[in-house]
1. How would you order 301-312, 447-458 from highest to lowest mean count of nearby Cβ atoms within 10 Å?
2. Rounding to the nearest 20 debye, state how big the charge dipole of segment 249-303 is about its Cα centre with +1 on each Lys and Arg Cβ and -1 on each Asp and Glu Cβ.
3. Past the 20 Å Cα-Cα mark, which pairs from Lys64/Lys460; Lys297/Lys434; Lys64/Lys457?
4. Lys and Arg at +1, Asp and Glu at -1: add these up for the other residues within a Cβ distance under 13 Å of Asp56 and post the number.
5. With each label point set 7 Å from Cα along the Cα-Cβ vector, what nm distance links Ala387 and Lys434?
6. Quick one: which of 239-247, 494-502 comes out on top by average Cβ neighbours within 10 Å, and what's the full order, highest first?
7. Given a Förster distance of 30 Å, report the FRET efficiency between Leu68 and Asp162 from their Cβ-Cβ distance, rounded to the nearest 0.05.
8. Please list, ordered by chain and number, the residues whose modelled amide H lies under 5 Å from the amide H of Gln165; skip anything fewer than 5 residues away on the same chain.
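A short reminder: the numbers here are calculations on the coordinates, not readings from a lab. The shown structure was predicted, so the numbers you read here are calculated from the model rather than taken from an experiment. Here Cβ is always computed from backbone atoms with ideal geometry, including for glycine, and neighbour counts include all displayed protein chains.
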Amino acid sequence: MERDLIADTIILYARTGKGSRLSSNVTFSLTFLGAAGTVTGSKHLLEAAGRRVLVDCGLFQGVKELRLRNWEPLPIDPASIDAVVLTHAHLDHCGYLPRLVAGGYRGRVFCTPATKELCGIVLPDSAHIQEEDAREANRHGFTKHQPALPLYTSVDAARALDRLQPVGYERPVPLWSDGGQTAAQGVSAPGLTPTVEFVNAGHLLGSAYARIRIGDRTLLFGGDLGRYGRPVLPDPSPVTEADVLLLESTYGDRLHQPDDNGERLATIVRQTAARGGKLVVPAFAIGRVEEVLYWLKRLEDDKRIPSLPVFVDSPMAVAALQFYAARLNELDADLTMTASRSDRGPALSGSPSGRDQVATRPAASPDQILSGSRSDGLRRVAAFATARLTMVASMQQSADLVASRQPSIVISSSGMATGGRVLRHLAATITNPKNTVLFVGYQAAGTRGRLLTDGAKEIKLLGRIYPVAARVERVDSMSAHADSGEIMRWLSAFTRPPRMTYLVHGDPVALDALAARIARELRWSVRIPAHLERVVIPDMANG
Ligand SMILES: [Zn+2]
């Protein structure tokens, strides 16, 4: 149900080089095609002067009712969109892009260089999962579609990647050339060609807010907001003004556990090691893995945990880790210092002595068969390398690790245990009280991660029900999303209230709580848009 709240045409001012003057009557609207009233599927359609910009192009994830939305046609023709902007490379912000391109989108997709790199990992991986799911459905006949088709294919993902246009942070670029401005709109071209500028959001490597300027108006699409004072990623950049703000609300009703300098993680590792158990960490392939490794390395260096074998069992995570290691200059200064202090630091700069140091470290893995893959990847990820780190590459190595009973730490995706290699690790460990399963990120409703952290006594994995005997722990302080206090801290940098703040990317309870808090403490105008709601942006006319 598309709701056109205000049908009237809104008058927009255009900058002409000599201040602002009235240029034209232009309808200016936002349509919330995803992440409205929920945390996934981010897609925000901006329409102005007869042109369309889609900010983020995410997949719906989680419960089936949401996932089915990925199959519904968009209310607009993808070919009618003039530009796409991505805030970051998490699937709930970029994972629909191959479908959009397959559906006829032919324009450019603006993103930061690191987002482009990470999309090069996550989109082909997502396509692969879609193809696998369709194959499984056809093999077992559990589909009413004959044959079941993937949401998109590897070819679609490759075509989507071809459209990515990298733009560095804080460099406004026009979304299309002025020549393309529709004369029929009577729009003053130089003033009304929107520009996009990426500002570091501190949420993931390459993550950004997208600041879109049209004329003298600014819309800030917050994407996901990072956190303050955390290792690995920088603090979210302050923003002082925007006419319209889209703000995520994932943890809008919550505060994260206070920073304890890794003590809870250290306790969990020590206790599991003392029981001779395995610690399985389902982790989002990108972002969380880096922070988990950072903490393990730091706790190990400080001798607060024993030096256990650590396995990263996710090909995508290994690839992403290398991008992180290659872009230390975009990460937290703390990490750069850790890397340069470390005896493994020189490996980062590619100096031969550093490489030798890594390569000649004693063999790390508990099982000889697993040791083959470690040195090659380690040379490139020294900033995150614990003493006994192994990158698990092949399915065979993964199977051997699943079978191994040796105490160790296994980091494997997916983070909400909805799929991926971690399912086999869970099936092998969850029935034994010696072991621990540790969740480190947001667990969406309907996922195994949510069931387990809510205290489920049994869990279905790979078609079988397993009793839950392992300890299930949760460390929220490693979340990549700002909590409500951090969101308010970020908003406090604004020197004037936005004319309207739209809260997106949150479950209803979190959205309501954050809306109430912003209205109470800041007295800003806040709205929680509904799925597919279209709003004509208010007050853009009255400067
Ligand atoms: Zn994200």
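1. On the way: 301-312: 18.8, 447-458: 16.7.
Final packing ranking: 301-312, 447-458.
2. Rounded to the nearest 20 debye, it is 320 debye.
3. Values: Lys64/Lys460 16 Å; Lys297/Lys434 23 Å; Lys64/Lys457 23 Å.
Where the Cα-Cα span goes over 20 Å, the pairs concerned are Lys297/Lys434; Lys64/Lys457.
4. Details: positive: Lys43; negative: Asp92, Asp224, Glu248.
Cβ neighbours under 13 Å give a net charge of -2.
5. 2.2 nm
6. Values: 239-247: 20.9, 494-502: 17.9.
Result, highest mean Cβ count within 10 Å first: 239-247, 494-502.
7. The pair Leu68/Asp162 has a calculated efficiency of 0.60.
8. For Gln165, the qualifying residues are Val109, Phe110, Cys111.
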